[in-house]
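Trainee: Below you will find the structure I want to go over with you.
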Amino acid sequence: MRASLSVAFALLTAGTAATTKSAARRVRYRGGETAQQQQTRRVRYRGGETAQKKTLDDFLRHLGGGELEAVWEKTPKLWRRVDGCGPELFSFEDAVKGAEAGLLDNAAVADGAQAEAGRWVAEKAGASSADDLRRALAKGTVFFNGAGLAFPALAALGAACHRFLGLPANINVYVTDPQREVSVSPHSDAQNVLVFQCCGMKHWRVWPPPPRERNKDPFGRGKGGDRVEGLGEPLLDVTLEPGDVLYVPLGWVHATSTADSAERSCHATLGVDTYFYGLCWSNARSIALARNKVGDDVDPGALDDSTFSRLYGAVPVGFLRPRSITDEDWPDYFVKELRALQEDLGGASPLGDDAALRELAAFYLTYARDLIDERKYADVPEPAQRGSFAALAARASRDARNSREERVRNGLVAFARGSNG
C-alpha cells in the first residue's frame, strides 16, 4: 500500500503469465455470454477486414475518438487483426539487431523457474549478441524498457500515442521462447497498457485488482517478494496472435504463457504513464497541499475501492478531457473536480484558494503538453553497428531525449515546492 500522496514517480514494467491449449483463438469473459456473443460485443475493431484501418496511426486515432475512454481504468478490452501490429512492428530479428548493436545491454530476463513458483525475479540479461539473447531466453522472458527510443517502428507507435491520445507513453518489448508454461507470474503494474502482439502467440489471463492490503503497493502486486494469491477465475482469458491488441488497466493483475505457441512470442507494450508522470489526481492534490504548506490528513488505506481508484485516476488531459472543455474553461473545471474529490475524501486540510488552484490547473495543462513533445520520438534511427559513429550518435540522441523529459518532470517537483524553475 502506498504510504503517502507526496509527489513521487514509479516506473514499473508491464509483464506476462499462463495458458491452456483449448484457449487458442478464444476470448472468454465471465458474465454468462457465449464466447461468440462476447466477441461480437467487445471485439469491434478488425483492421482492414471491416474497419478499413490501414496503419497504427489510424488505430490510435480510433482509440482517441472515444473507444479507449469508454473502458479506461474500468475493464480490459481486446481488438483483433489490427493493421500494422505484426512483425513489421517488432520481431525477434529486430531483437537480434538490437543486441548486436548494443541496444539490449540493459535488457533483463524474468527468471522462469521463479515465475513458475509465483514470484517476479528479474536479472540482467547480458544480451550483447544473438547467442547471448538465446541463452537469456532459455532462462525466461527477456524484456527491454525504453525500446521506443531504439527502434523506429516503435518510435512511430509512441509518436502516434502522443498525437492521438495526448498522453505520455513509453514502450517496452518482451520476447518469450515457445512452450514456456509461465512467462511471468500474476502481477500488477503502475501503467495503463496497450499490448501489441507482434509474433507468435501468448495466452493472457487478466483479473480485477485484488483487495488492497497494508504495506503492499496496489500498483506493484506480485513483485518484490509479494505473491498474489486467491485470484479465482480471470475476468479475461484470451490467446493473442499477431495483429491483436489488448488493453489492461492500471493496477489490474495479469499473467501470461506461451505453452501452446509453436513460435517465439514477441510483443510491444505501450505504457500510457499517467501515474509515473504525476498526471493523476493524487499528485494534483498533493501539490495543492504542499503549495498551501499544510499536511495531508487523508489515509488512502482507509478509502473504499471506488474512492481510492478515483484518487489515483488520471487527471482528464489528452483524450480524457471532455471535448466541451476549452483551454479557457479548463481551470474552473479542474478546480471544481479537485474540490469535489477533496470533499469525497473527507479531507480537512485546505487545498488553497481558487486562484492558487487555477494556477495549478494552468501548470498541469502546460506540463501535460510538454510531456508529449514531438521531439521525443522524432527521427529515431535503425540500430547501427556497435561502436560505429552512427551508434554513438544514436546513443547521444537518446540521452538528450531522456534529459529533456527529465527536465520537464523536474518542473513538476519545482512547482510543488513553490518554484517555477
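The values are calculated or read from the model by the stated rules, or taken from the named source; none is laboratory data. These numbers were taken from a predicted model, which means no experiment stands behind them. Cβ atoms come from the backbone with ideal geometry, glycine included; neighbour counts cover every protein chain shown. All accessible areas refer to the heavy atoms of the entire protein, side chains included, with ligands and DNA or RNA removed. Shrake-Rupley method; radii C 1.70, N 1.55, O 1.52, S 1.80 Å.
Trainee: What is the one condition in (1) of a type in the set (Gly, Ala, Ser); (2) in contact with a Pro (Cβ under 9 Å, 6 or more places away or on another chain); (3) modelled with pLDDT of 95 or more that Ala268 does not satisfy?
Mentor: (2)
Trainee: While we're looking at this one, here's another question. Report whether or not Asp244 is among the acidic types (Asp, Glu), crowded, with 19+ Cβ neighbours inside 10 Å and under 22 Å from Val193 (Cβ atoms).
Mentor: Spelling it out, Asp244 is indeed among the acidic types (Asp, Glu), crowded, with 19+ Cβ neighbours inside 10 Å and under 22 Å from Val193 (Cβ atoms).
Trainee: Of everything in the stretch 260-301 that's part of a loop (DSSP other than H, G, I, E, B) and among the aliphatic types (A, V, I, L, M), which residue is least open to solvent (accessible area, probe 1.4 Å)?
Mentor: Leu279
Trainee: Sticking with this structure for a sec: Checking the structure you have, find out if any residue of the stretch 387-397 is within 25 Å of Leu165 (Cβ to Cβ) and surrounded by fewer than 15 Cβ atoms within 10 Å (Cβ to Cβ).
Mentor: No: the stretch 387-397 contains no residue that is within 25 Å of Leu165 (Cβ to Cβ) and surrounded by fewer than 15 Cβ atoms within 10 Å (Cβ to Cβ).
Trainee: Output yes when any residue across the stretch 301-312 is under 21 Å from Arg409 (Cα atoms), modelled with pLDDT of 95 or more and either within 25 Å of the chain's Cα centre (by Cα) or not acidic (Asp, Glu) (or both), and no when none is.
Mentor: Within the stretch 301-312 (the criterion being under 21 Å from Arg409 (Cα atoms), modelled with pLDDT of 95 or more and either within 25 Å of the chain's Cα centre (by Cα) or not acidic (Asp, Glu) (or both)), the answer is yes, since at least one residue qualifies.
Trainee: Something else now. Going by the structure shown, is Arg205 charged (D, E, K, R) and either in a strand (DSSP E or B) or modelled with pLDDT of 95 or more (or both)?
Mentor: yes
Trainee: Looking only at the stretch 247-259, count how many residues are open to solvent by less than 10 Å² (accessible area, probe 1.4 Å) and touching a Phe, Trp or Tyr at 6+ places or on another chain (Cβ under 9 Å).
Mentor: Adding up the residues that qualify gives 9.
Trainee: Look at Thr16 and say whether it is more than 30 Å from Val298 (Cα to Cα), more than 17 Å from the chain's Cα centre (by Cα) and modelled with pLDDT under 95.
Mentor: Taking the combined requirement at face value, the residue does not satisfy it.
Trainee: Just to check your reading of the model, which residue among Ala23, Ala35, Ala10 is at pLDDT below 90 and touching a Ser or Thr at 6+ places or on another chain (Cβ under 9 Å)?
Mentor: Only one candidate passes the filter, namely Ala23.
Trainee: Scan the stretch 145-157 residue by residue and report those that are surrounded by fewer than 22 Cβ atoms within 10 Å (Cβ to Cβ) and touching a Gly at 6+ places or on another chain (Cβ under 7 Å).
Mentor: Across the stretch 145-157, the qualifying residue is only Ala155.
Trainee: Show the residue pairs that are 6+ apart or on different chains and have beta-carbon atoms under 9 Å apart, the first residue being within the stretch 126-145 and within 15 Å of Ser265 (Cβ to Cβ) and of a type outside the set (A, V, I, L, M), the second being at pLDDT below 90 and part of a helix (DSSP H, G or I).
Mentor: Within 9 Å, the pairs are Gly140/Gly112; Gly140/Ala113; Gly140/Gln114; Gly140/Ala115; Thr141/Gly112; Thr141/Ala115.
Trainee: Out of Gly271, Gly251, I need the residue that is in contact (Cβ under 8 Å) with a residue 40 or more places away in the chain and closer than 19 Å to Leu63 by Cβ. Which one?
Mentor: Result: Gly271 is the single residue among Gly271, Gly251 that is in contact (Cβ under 8 Å) with a residue 40 or more places away in the chain and closer than 19 Å to Leu63 by Cβ.
Trainee: Hey, among the residues in the stretch 129-144 that are crowded, with 20+ Cβ neighbours inside 10 Å and not small (Gly, Ala, Ser), which one's nearest to Met201 (Cα to Cα)?
Mentor: Thr141
Trainee: Report yes if some residue within the stretch 217-237 is within 18 Å of Asp305 (Cβ to Cβ), open to solvent by 20 Å² or more (accessible area, probe 1.4 Å), touching a Pro at 6+ places or on another chain (Cβ under 6 Å) and among the charged types (D, E, K, R); otherwise report no.
Mentor: no
Trainee: Right, here's the next one. Take the residues of the stretch 351-377 that are small (Gly, Ala, Ser) and surrounded by 12 or more Cβ atoms within 10 Å (Cβ to Cβ): which is farthest from Asp329 (Cα to Cα)?
Mentor: Checked the stretch 351-377; the qualifying residue farthest from Asp329 (Cα to Cα) is Gly352.
Trainee: Kindly indicate whether Ala125 is touching a Gly at 6+ places or on another chain (Cβ under 7 Å) and crowded, with 24+ Cβ neighbours inside 10 Å.
Mentor: No.
Trainee: Within the stretch 302-334, can you find the residues that are surrounded by 13 or more Cβ atoms within 10 Å (Cβ to Cβ) and among the aliphatic types (A, V, I, L, M)?
Mentor: Selection gives Leu303, Leu311, Ala314, Val315, Val317, Leu320, Ile325.
Trainee: Has the stretch 349-367 got any residue that is β-branched (Val, Ile, Thr) and assigned to a helix (DSSP H, G or I)?
Mentor: yes
Trainee: In the stretch 83-122, which residues are at pLDDT 85 or above and open to solvent by 40 Å² or more (accessible area, probe 1.4 Å)?
Mentor: Correct list: Asp83, Pro87, Glu88, Glu93, Lys97, Glu100, Asp105, Asn106.
Trainee: Would you be able to say whether some residue in the stretch 160-170 is in contact with a His (Cβ under 9 Å, 6 or more places away or on another chain), open to solvent by less than 10 Å² (accessible area, probe 1.4 Å) and either of a type in the set (A, V, I, L, M) or not in a loop (DSSP other than H, G, I, E, B) (or both)?
Mentor: Among the residues of the stretch 160-170, at least one is in contact with a His (Cβ under 9 Å, 6 or more places away or on another chain), open to solvent by less than 10 Å² (accessible area, probe 1.4 Å) and either of a type in the set (A, V, I, L, M) or not in a loop (DSSP other than H, G, I, E, B) (or both), which makes the answer yes.
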